[in-house]
1. When segment 1-28 is examined, which residues are found to be of a type in the set (S, T, N, Q), part of a loop (DSSP other than H, G, I, E, B) and more than 17 Å from HIS75 (Cα to Cα)?
2. Which residue is surrounded by the fewest Cβ atoms within 10 Å (Cβ to Cβ), if the candidates are limited to segment 153-164 and must be without any contact (Cβ under 8 Å) to a residue 60 or more places away in the chain and out of contact with any helix residue (DSSP H, G or I) (no Cβ under 6 Å at 6 or more places or on another chain)?
3. With the structure loaded, tell me whether LEU49 is in contact with a helix residue (DSSP H, G or I) (Cβ under 7 Å, 6 or more places away or on another chain), over 28 Å from ILE181 (Cβ atoms), among the aliphatic types (A, V, I, L, M) and outside the structural domain of VAL133 (by TED's automatic domain parsing) or whether it fails that test.
4. Among the listed residues ASP94, ASP149, ASP98, which satisfies the condition of being surrounded by fewer than 20 Cβ atoms within 10 Å (Cβ to Cβ), touching a residue at least 24 places away in the same chain (Cβ under 8 Å) and closer than 21 Å to LEU15 by Cβ?
5. Run PHE184 past the list (1) buried (at least 19 other Cβ atoms within 10 Å of the Cβ); (2) in a loop (DSSP other than H, G, I, E, B) and report the number of the one that doesn't hold.
6. Working only within segment 91-108, note down all residues that are assigned by TED's automatic domain parsing to the domain that holds ALA168 and at positive phi.
7. Is it the case that segment 126-143 has a residue that's under 25 Å from ILE26 (Cα atoms) and part of a helix (DSSP H, G or I)?
8. If a residue must be surrounded by 15 or more Cβ atoms within 10 Å (Cβ to Cβ) and either in the same structural domain as TRP131 (by TED's automatic domain parsing) or basic (Lys, Arg) (or both), how many such residues does segment 63-83 contain?
Amino acid sequence: MAYTLPEFGYEYDSLEPFIDARTMEIHHSKHHKSYVDKLNVALEGHSELEGKSVEKLISDLDSVPGKIKTAVCNHGGGHANHSFFWKILKKDVDCEEDILDAINKEFGSLDEFKEKFKEAALGIFGSGWAWLVVNKEGKLEIVKTQNQDSPVSEGKKPLLCVDVWEHAYYLKHKNKRPDYIETFFKVINWEQVSENFRG
């Protein structure tokens, strides 16, 4: 069964003025769609991989034939990362108690977490993602991935992420990634992050 582009569940302008509607439209309907289309092409003729969720696919890359592994990692990762990203975006949602307690325990405070998370996002050379994950030891951890790599491939559970490919922010912020990260903190759907934490 072919992978499909997921719906947002909200309008492209829902995150204004923090993330502009045109960026959201292009990001979703062009960039994300391209990952989905190219993943489907890569998997043509590989019936043994059909029916796997994209998360299952990228969490077990050793089961993917060598000649398509890079394409599955890139395009499958792009599809999975973006599908996850859209769900954790929403304005005016306060951090919920369970995830706030865990963040305070690991990082000292929500503000200290934001500083460390921003540092990670700004420290990515070129394109990639910054993540808050639960690692294999069950602890919260901030990690960085290059390009469309996913912490899922390393056995870590994502809770929160920010896309720092330039297509995620260039129309509004040009080359000012720090400004984009600051606005990102205003559109975190903490309800979803908390659900990810409990799940």
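1. Residue satisfying the conditions is SER14 alone.
2. Out of the qualifying residues, it is GLU154.
3. Here the answer is yes, as LEU49 does meet what is asked.
4. The unique qualifying residue is ASP94.
5. (2)
6. GLY108
7. No: zero hits.
8. 1
The values are calculated or read from the model by the stated rules, or taken from the named source; none is laboratory data. What you see is a predicted model; the values in this text were computed from it and never measured. Note that we place each Cβ from the backbone using ideal geometry, even for glycine, and neighbour counts take in every protein chain shown.
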